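Let me begin by presenting the structure, written as structure tokens, before commenting on it.
The values are calculated or read from the model by the stated rules, or taken from the named source; none is laboratory data. What you see is a predicted model, and the numbers here were worked out from it, not measured in a lab. Glycine also receives a Cβ, built like all others from the backbone with ideal geometry; neighbour counts cover every protein chain displayed.
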Amino acid sequence: MERPLLKAGCVIMSTDACEIEALRKELKLLEGEVSEHEEKAESLRNELHLFERDYNNVILERYLELDAIEKRIVALTENRDMPTEEAHTVKDDINVTIEASFPASGIQSSNQVTEKHIDVSDLKNVFRGVARRVHPDFAVSEEDRDWRHRLMQRANQAYDEGDEATLRSMLNAFELASQEASDQASPELLAVLTRRSYAKMRIEQLNLEIDRIQDTEMCKLYSKVKQAKRYGRDLLEEMTSTLSKKIADRRTFLHQEEARYGR
């Protein structure tokens with residue numbers, strides 16, 4: 001254990017202790033930034049989820065109704081009727097045209113991740129590598145132990161979701177800290193360097209996630225709806241009104257076609 005150097009009745013910290021103190025100040029700022037980014041990402045996900053639900057409830061049913069009418073019209077104009085059973089279930093058949101009408105939200109759930117090809121053996125190896133480095137036995141203080149516990153929870157979640165990228169980024173944080181520390185670095189210094197490395201990685205990760213979500217068509221529409229609301233306009237209501245009018249016009253046309261074909 002390093003001892004403080006005494007000079008002229010004042011305590012002068014060793015180089016290692018000075019570095020740790022400086023790193024801790026930087027770490028406090030970085031982890032504060034991580035919290036802000038996490039809150040922003042969580043808020044954006046929640047807001048967009050609620051908006052998407054409202055959008056689908058208001059707009060989706062009308063698009064599906066319009067799709068069913070258009071299919072009926074096509075069947076009549078081609079002098080080919082549609083079976084009764086298919087006519088009743090056509091609203092459940094969301095074709096490519098209708099899907100293209102709906103903006104993507106960019107919010108990925110854990111069950112969507114499983115649709116990707118995942119090399120389970122690689123995932124396990126990466127997870128084990130993280131678990132070995134995060135293990136609480138390596139903690140140098142209670143604060144460090146708490147941090148490792150939270151990190152292990154995040155690693156478990158990433159493993160359950162098949163999120164190999166997040167697990168690898170955790171490994172990179174530990175490796176970068178090891179490369180930055182000298183061979184004579186104390187365990188406490190290495191612990192602070194590791195937390196700093198992880199905080200920087202997490203900020204970058206959250207920035208990418210926020211950018212990805214904001215770049216989706218659903219989020220762009222959400223921004224337009226919020227902006228229109230500031231000027232007293234209800235953009236979803238306007239879209240609903242336009243769709244309802246189109247549905248009414250196409251239903252009238254359908255009735256005319258049915259009368260023409262005697263159906």
**OP:** Among the residues of the range 237-263, write down those that are of a type in the set (Gly, Ala, Ser) and in a helix (DSSP H, G or I).
**Re:** 241, 244, 248, 259
Original post:
Under 8 Å by Cβ, and 6 or more places apart or on different chains, what pairs join a residue from the range 166-187 that is touching a residue at least 12 places away in the same chain (Cβ under 8 Å) with one that is β-branched (Val, Ile, Thr) and in a loop (DSSP other than H, G, I, E, B)?
Top reply: 187/140
Subject >> Total residues in the range 151-180, condition surrounded by fewer than 17 Cβ atoms within 10 Å (Cβ to Cβ) and within 20 Å of residue 26 (Cα to Cα) >> reply: 5
Subject >> Residue that is surrounded by the fewest Cβ atoms within 10 Å (Cβ to Cβ) [pool: residues in the range 237-263 that are touching a residue at least 40 places away in the same chain (Cβ under 8 Å) and of a type in the set (Asp, Glu)] >> reply: 258
**OP:** Report the residue count in the range 193-236 for those that are loosely packed, with under 15 Cβ neighbours inside 10 Å and either in contact with a strand residue (DSSP E or B) (Cβ under 6 Å, 6 or more places away or on another chain) or not in a helix (DSSP H, G or I) (or both).
**Re:** 5
**OP:** Could you tell me which residue of the range 120-139 is farthest from residue 169 (Cα to Cα), considering only residues that are under 25 Å from the mean Cα position of the chain (by Cα) and among the aliphatic types (A, V, I, L, M)?
**Re:** 120
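Residue-by-condition table, conditions (1) part of a helix (DSSP H, G or I); (2) surrounded by 14 or more Cβ atoms within 10 Å (Cβ to Cβ); (3) at pLDDT 60 or above:
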position: 28; (1), (2), (3): yes, no, yes
position: 64; (1), (2), (3): yes, yes, yes
position: 69; (1), (2), (3): yes, yes, yes
position: 76; (1), (2), (3): yes, yes, yes
position: 105; (1), (2), (3): no, yes, no
position: 121; (1), (2), (3): yes, no, yes
